[in-house]
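Accompanying notes for the structure given below.
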Amino acid sequence: MVIKQIKKVSAILSALLAIQVHIRMPNSPLQPEASKPYFLYLLYAALAVFVVSYLLSFFVKPVDKKLESTGPLLAGGVLLLNIVNIVCSKLALLPVLFFPSLDRVFGVYVNDWELLLKCIGSSGKLLLIGFSIGAVIGFGTGILVGFNKKAAYWFNPFVKIIGPIPATSWSPLVLSLFATSYQAAVFMIALSVWFPITVMTSNGIANVQQTYFEVADTLGAGKFWKIFRVGIPAALPSVFLGFFYATTGSFVTLVTAEMFGCKLGIGWYLNWQKSMMLYANVYAGLILLAVLCNLIITLLFKVKDRLLNWQKGVIKW
Amino acid sequence: MVGHIKIDKVSKSFTNPDGSVVKALNEVELDIKPGSFVSLIGPSGCGKTTLLRAISGLALADGGDVYVDEEKVTAPGHERGFAFQQANLYPWLNIEKNIAFGLKARGIYKTHKEDVKEYIEMVGLKGFEKSYPHQLSGGMNQRASLARALVGHPKVLLLDEPLGALDAFTRMNMQDEIIRIWKEQQMTMVMVTHDVDEAVYMSDQVIIMTPRPAKIEQVIDIELGRPRARGNIDFIKYRTRILEILNYAGENHEPEYYL
Ligand SMILES: Nc1ncnc2c1ncn2[C@@H]1O[C@H](COP(=O)(O)OP(=O)(O)O)[C@@H](O)[C@H]1O
Ligand SMILES: [Mg+2]
């Protein structure tokens with residue numbers, strides 16, 4: 001009982017500690033001053049959320065459960081930020097050029113939000129176009145290779161040779177082949193998505209239990225019915241894995257591709273800020289990227305839970 | 001009545017990966033009367049499944065032909081239903097959709113929706129329509145699989161050790177259930193079993209097969225009224241006789257037939 005209460009209030013205590021440290025300990029004179037104590041604002045916001053959930057937990061059961069399980073984790077996260085803050089801003093133990101104060105890192109979101117939003121939009125669009133093209137073609141080739149022996153014969157060597165090459169290594173060639181660097185970026189993302197989806201789809205289909213098709217045969221199912229109502233649903237867990245690999249791979253390709261020739265996007269932003277030695281902006285961009293990638297993968301797993309609810313826990317996120 | 005099966009000198013061989021050839025069926029001849037219930041019994045590996053698959057069209061014979069109602073079997077079809085040893089339900093479909101699968105595949109679901117309901121009730125799965133196979137017991141899945149095979153009104157139902165995976169109690173219940181459905185639907189049923197009691201209890205005819213080269217040893221007509229009692233003296237006589245034939249036929253004694 002006592003332990004449960006400690007777990008529940010731990011996040012609040014950790015936030016209070018961080019706030020006290022930030023207010024009472026002076027910033028190192030080596031560290032350039034931020035325009036406003038943005039990290040402090042973030043801590044206040046976090047504290048407010050923690051306090052509200054703590055109060056809610058007495059009335060709402062799920063909040064109570066959630067707070068008990070995630071409380072220590074949140075407390076740990078805040079503590080980590082607190083330590084980073086002490087090391088970087090308060091004591092300036094690390095080179096201040098590469099390790100800016102948290103006030104400045106979080107300040108980027110306030111001062112640069114318009115550009116960042118544009119970058120998110122641009123990256124999102126590029127990812128969506130590239131991913132969709134790669135996924136559709138990948139799923140199509142996967143089905144073809146999975147069901148058709150002739151197609152497998154001709155496609156497999158192709159897939160084996162092209163597939164494992166990192167998509168971004170095509171950039172020297174692709175940049176000169178396509179009219180715009182944007183098209184080249186779309187191509188590279190599509191390529192990096194195509195491979196895992198093709199492989200996992202065709203593998204999934206090839207590994208479908210033979211008896212599933214035999215059952216369909218004895219029930220009077222035709223060829224197309226067997227492909228679309230037996231083979232593909234049975235292969236879906238494997239197809240999903242392909243989508244998972246494709247998604248994580250597409251992030252890498254996206255960021256790298258944007259560094260080459262794009263005029264906007266998170267990858268471009270990171271590269272540009274780095275070249276101007278604005279490391280606070282680079283960290284802000286990285287944090288943003290991490291949050292967005294996590295969001296997309298969480299979304300992917302939500303879709304999986306809907307689609308594969310007949311299957312119990314494959315990989316958990 | 002429909003469901004006449006004629007097996008005319010059917011042979012089937014398999015080539016093992018090492019190149020050796022196994023003769024799974026050797027010129028098997030058999031005539032199964034329409035509307036009868038027939039059991040195939042024999043030591044494992046004697047070709048029972050192969051024979052059943054030849055009738056269904058899942059695996060075609062190398063030599064000889066199978067006819068169902070005078071029509072040569074060249075491919076699997078819905079008029080020859082098949083119940084596998086494992087329920088083999090589609091795990092991504094709920095019970096109702098599994099049972100409706102064949103009707104939907106043939107594009108006749110709209111006019112046969114009531115049948116799906118009827119068969120769900122018949123196999124005692126009312127209330128479990130929306131459950132997924134992994135949520136139900138083995139016995140329930142096996143019953144759903146039977147309903148799936150039956151709902152398309154096949155002329156012939158081929159059952160490959162359909163009750164092998166069930167516990168003794170569920171098994172006896174299912175035997176009665178299958179017999180009830182068989183009587184109601186007036187179809188031909190051919191069932192592979194290892195269980196002599198089960199064969200005598202359910203069948204009009206018990207066909208005893210011997211291995212290597214696989215052929216039919218003897219066909220025994222079970223002339224007992226229905227419903228049957230397992231402890232009855234005539235019942236035990238049939239059982240003893242079948243056991244004797246099996247024992248004599250299978251020199252390389254395999255204990256499975258006493259299961
Ligand atoms: N697909 C196959 N490939 C190779 N050998 C097979 C295959 N199917 C069956 N056999 C062989 O044919 C023989 C008969 O098998 P089967 O019909 O399954 O026997 P039963 O059902 O009576 O146990 C066995 O020796 C088995 O090993
Ligand atoms: Mg068998």
Practice item. Can you give me the P(r) profile for region A:23-120? Cα pairs, bins 5 angstrom wide beginning at 0, each as a whole percent. Key: 3, 12, 17, 18, 15, 13, 12, 7, 3, 1
Check your understanding: Taking the Cα atoms only, what angle lies between the long axis of helix A:2-24 and the longest principal axis of chain A, rounded to 10 degrees?
Key -> 60
Exercise for review: Report the net charge of residues surrounding B:Pro154, where surrounding means a beta-carbon distance below 10 angstrom and charges are Lys +1, Arg +1, Asp -1, Glu -1.
Suggested key: +1
Study note, to complete from the structure: Stretched fully, the stretch from A:Trp113 through A:Ile129 gains (0.36 nm per residue minus C-alpha distance, one decimal, in nm) 3.3 nm
Check your understanding: For region B:203-214, in order, what is each residue's ³J(HN,Hα) by Karplus, 6.51 cos²θ - 1.76 cosθ + 1.60 with θ = phi - 60°, in whole Hz (x at glycine and Pro)?
Key -> 9, 7, 9, 10, 9, 9, 10, 10, x, 6, x, 5
Check your understanding: Any idea which of A:Gln210, B:Val73, A:Val63 is furthest toward the positive side of the dipole for the protein assembly as shown, if Lys and Arg beta-carbons carry +1 and Asp and Glu beta-carbons -1?
Key -> A:Val63
**Study point:** Student exercise, region A:2-103 dipole from Lys, Arg, Asp, Glu Cβ charges, in Debye to nearest 20
**Key:** 360
Exercise for review: Assign unit charges at the C-beta atoms only (+1 for Lys and Arg, -1 for Asp and Glu), then state the dipole size of region B:132-245 relative to its Cα centre in Debye, rounded to the nearest 20.
Suggested key: 160
Practice item. Before rounding to the nearest 500, sum -39500 (n - 2.57) across all DSSP H runs of length at least 4 in chain B and divide by the residue total; then give [θ] at 222 nm in deg cm²/dmol. Key: -10000 deg cm²/dmol
Exercise for review: Any aspartates and glutamates with Cα under 18 Å of the B:Lys126 Cα? List them, leaving off those in the same chain fewer than 8 positions away.
Suggested key: B:Glu96, B:Glu114, B:Asp115, B:Glu118, B:Glu177
Exercise for review: Set Lys and Arg Cβ to +1 and Asp and Glu Cβ to -1, take the dipole of region A:86-204 about its Cα centre, and tell me which of A:Trp113, A:Thr141, A:Ser89 lies farthest positive.
Suggested key: A:Thr141
Check your understanding: Nearest-5 percent of antiparallel DSSP beta bridges in the protein assembly as shown?
Key -> 55
Exercise for review: Report ³J(HN,Hα) in whole Hz for each residue of region A:215-227, in order, from the Karplus equation J = 6.51 cos²θ - 1.76 cosθ + 1.60 where θ = phi - 60°; Gly and Pro get x.
Suggested key: 4, 4, 4, 6, 9, x, 7, x, 4, 5, 4, 5, 5
Practice item. Would you kindly give the portion of the calculated P(r) for region B:134-190 that falls above 20 Å, as a percent of all Cα pairs? Key: 20
Check your understanding: So what are the radius of gyration and Dmax for the Cα set of the protein assembly as shown, in Å?
Key -> 34.1, 105
**Study point:** Mean Cα-pair separation over length for chain B, i.e. relative contact order, pairs under 8 Å, 6 or more apart, %
**Key:** 26
Review point. Normalised by the residues of chain A, what does the relative contact order come to in percent, with Cα pairs under 8 Å and at least six apart?
Key: 18
Check your understanding: Once amide H atoms are built 1.01 Å from N in the peptide plane, which residues 5 or more positions from B:His4, or in another chain, come under 5 Å H to H?
Key -> B:Asp69
Review point. Based on DSSP H assignment, which helices of chain B show an axial Cα extent of at least 20 Å together with a mean Kyte-Doolittle hydropathy greater than or equal to 0.0?
Key: B:233-249
Review point. Looking at region A:1-80, what % of the alpha carbon pairs are farther apart than 19 Å?
Key: 41
Check your understanding: Roughly how many debye, to the nearest 20, is the charge dipole of chain B about its Cα centre, given +1 on each Lys and Arg Cβ, -1 on each Asp and Glu Cβ, and no other charges?
Key -> 720
Exercise for review: Based solely on C-alpha atoms, express the radius of gyration and the Dmax of region A:7-50 in angstrom.
Suggested key: 12.0, 38
Exercise for review: Would you mind computing, in nm to one decimal, how far apart the modelled labels at A:Ala48 and A:Ile165 are, each placed 7 Å from Cα along Cα→Cβ?
Suggested key: 5.3
Review point. Near A:Lys263, which lysines are there with a Cα under 20 Å away, not counting those fewer than 8 places off in the same chain?
Key: A:Lys118, A:Lys125, A:Lys274
Review point. Between A:Lys263 and A:Met1, what is the label-to-label distance in nm when each label sits 7 Å out along the Cα-to-Cβ direction?
Key: 6.8
Review point. Tell me, what is the FRET efficiency for A:Lys65 and B:Thr15 to the nearest 0.05, using R0 = 56 angstrom and their Cβ-Cβ distance as r?
Key: 0.40
**Study point:** Candidate lysines for bridging to A:Lys61, where Cα separation is under 25 Å - those fewer than 8 sequence places away on the same chain excluded
**Key:** A:Lys4, A:Lys7, A:Lys8, A:Lys302, A:Lys316
Check your understanding: Could you state the per residue volume, in Å³, of the convex hull enclosing the Cα atoms of region A:113-311?
Key -> 126
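No value in this document is a laboratory result; all are computed from the given coordinates. Worth saying up front: this structure is predicted, and the values here are computed from it rather than measured. Glycine gets a Cβ as well: all are built from the backbone with ideal geometry, and neighbour counts include every protein chain shown.
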